[in-house]
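Right, one structure below, let's go through it.
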Amino acid sequence: MFVRDEPTDMRKSFNTLSAIVEHDMKRDLLQGDLFLFVSRDRKRAKVLYFDGTGLCLLAKRLERGQFGAPWKQRRKEITLSELALFIEGSEAVHGPLSPPLLRRAHLVTKMPESSC
C-alpha cells in the first residue's frame, strides 16, 4: 500500500491517477498494490488499484473532520490495517502504528544444515 506524499486534486480519476502512480511514484500499477491519494483540504481521499481485470477507484468524502496528512509524515507506505483506520477517519493514524514492513529478502531465512 503506497501513499502519495503530496496533496492530490480530487478531480483526477483513473487515467491521471494512473499516470501519477507510474511517473511520479515510479510504481507499476498492474502489480496489484493499492495507492492512496488525499486532497489538500483532507476532506477527500481516493484509493486506486488493479484487481486483475481492471482498475478500481474507491472514494470517500468526510462530512466532519479531516483525514491525516500523509505528506507531513513523510511515509510512502502503510499497511492495509492502517489504510482501514485512515479511511474510517481514525485519529490514531497520525503516527506509525505498525512495525516496519518486511520485504521478501527479509523473509528468506537460511535453513540449518543437516547433521546427517
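Just so you know, all these numbers are worked out from the coordinates, no wet-lab data involved. Fair warning: this is a prediction, and the values are worked out from it, not measured in the lab. Heads up, the Cβs are rebuilt from the backbone with ideal geometry, glycines too, and the neighbour counts pull from every protein chain shown.
For L34, the residues 5 or more places off, or on other chains, whose built amide H falls under 5 Å of its own are F2. Here the simple spin-label model places points 7 Å from the Cα toward Cβ, and for Q66 and K26 these points are separated by 3.0 nm. Using a simple spin-label model with pseudo-atoms 7 Å out from Cα toward Cβ, D9 and S81 lie 3.8 nm apart. Excluding same-chain neighbours fewer than eight residues apart, the aspartates and glutamates reachable from K76 by a Cα-Cα span under 16 Å are D5, E6, E22, D24, D28, D33.
A Förster radius of 22 Å, combined with the Cβ-Cβ distance separating K43 from F2, puts the computed FRET efficiency at roughly 0.55.
Counting only lysines at least 8 places from K60 when in the same chain, those with an alpha carbon closer than 19 Å to its own are K12, K43, K46.
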